[in-house]
1. Based on the Cα atoms of segment 42-89, what semi-axes does the equivalent ellipsoid have, where each is the square root of 5 times one gyration tensor eigenvalue, given in whole Å with the largest first?
2. For the chain, take the longest principal axis of its alpha carbons; what is the angle in degrees between that and the long axis of helix 176-188, to the nearest 10 within 0 to 90?
3. Expressed in nm to one decimal, what extension gain is obtained for the pair Glu40 and Asn135 from 0.36 nm per residue of sequence separation less their Cα-Cα distance?
4. When the Cα atoms of segment 30-129 are enclosed in a convex hull and the volume is divided per residue, what value in Å³ results?
5. In 5 Å bins starting at zero, report the fraction of Cα pairs in segment 1-58 per bin as a rounded %.
6. Pairing the Cα long axis of helix 203-220 with the longest principal axis of the chain, what angle in degrees results, from 0 to 90 and rounded to the nearest 10?
7. Send over a whole-number figure in Å² for the accessible area per residue of the chain, probe 1.4 Å.
8. Quick check: pseudo-label points 7 Å beyond the Cα along Cα→Cβ at Arg118 and Ser166, how many nm apart are they?
Amino acid sequence: MEDTYFLMKIKDASIYIKRDDLLPFSFGGNKLRIVTKAFEDMERRGCDEFISYGSESSNLNRVAAHMARSRGVACTVIFKKGRGAHEPYNELLVKESGARIVYCEGSEVRAAVEEELRRSVRDGHRPYYIYGDSNGRGNEACLVEAYVEAYEEIRDFEAKSGISFSHIFLASGTGITQSGLMAASILHGDDKKICGISVARSRDRGREAIRENMSSYMRDGRKTEVKVPAASEIFFDDRFVKGGYGCADQELSELCRQMMKGYGLPLDTTYTGKAFLGMRNIIEEEHIKGSVLFIHTGGLPGVFDAARDIMLS
Ligand SMILES: *Cc1c(COP(=O)(O)O)cnc(C)c1O
């Protein structure tokens, strides 16, 4: 079996799926590609403590903790304090990994990152914060590269199969993944529509972040002659957020349940479920025909969080 394959028809569109959730380390996902890039960068810079930040159900923190542990690198993960009734499986996995854990409120992230950077130096380390500075900026180009590279796999699939995707759908949070796909598509002169379905952010905030990510990437690679699309040209649909990060409703839970039962496809309600729901609606609204690619960006531990909530409710 291939990692990219035909999944189902939705109206006149043939949906193919790229299973990045099955990448072979720590439940895979887009964060595995992104964290792998960051570890390479950390080594290049001669740093020796990895610092990560994410929500309580963060896939990033999980992959970072596992990669650090497996390479014998010191690791601190900063969690935004959760409000959920249950401890997410990702948080349990991080605890189990032995990483140092710090909790903070969403409004105190910068202070928490600065404190950890100072503490790390006091401990005799050279810290590396995945997002760059304590405002979460400066490392965009390194992280975006992960999906510039992944885009080549999509092109390889197209070349081998003779199938050409008009649209690529994916769950979009910080927009790093979408920025990489868009940057690669532009650099190749392809006219694919890269369609981000927001998991939390408003359309304006999402579009602006993606524009900035792409600009940083082009600047870093000295490709300043490449025109980055205006915010209004960036596809970032916030109609399927369901009230905010981690929020879900009956429609979304039911879709995840049906996809698991009917297609053996695990989707969580925080990321990939929202993206799939958005894709389904947009294909129907816009009468999209032909071949469409859905990127499964991972988050498998969250599938079990959702199952616990859905099936016990
Ligand atoms: C983080 C994450 C996303 C969003 O990726 P960004 O690059 O932040 O936009 C999508 N899906 C899953 C499963 C994730 O963990």
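1. Details: eigenvalues 118, 21, 10 Å².
Semi-axis lengths for segment 42-89 are 24, 10, 7 Å.
2. 60
3. 32.0 nm
4. Taking the convex hull of the Cα positions in segment 30-129, it is 88 Å³ per residue.
5. The distribution over segment 1-58 is 4, 14, 17, 17, 15, 12, 9, 6, 3, 2, 0, given as percents.
6. Value to nearest ten degrees: 70.
7. 45
8. Reported label-point gap for Arg118 and Ser166 is 5.6 nm.
The values are calculated or read from the model by the stated rules, or taken from the named source; none is laboratory data. Quick caveat: nothing in here was measured; it's all calculated off a predicted structure. Counting neighbours? That spans all protein chains shown, and the Cβs are built from the backbone with ideal geometry, glycine included. When the accessible area is computed, the model is the full protein with side chains, heavy atoms only, and any ligands, DNA or RNA have been set aside. Shrake-Rupley method; radii C 1.70, N 1.55, O 1.52, S 1.80 Å.
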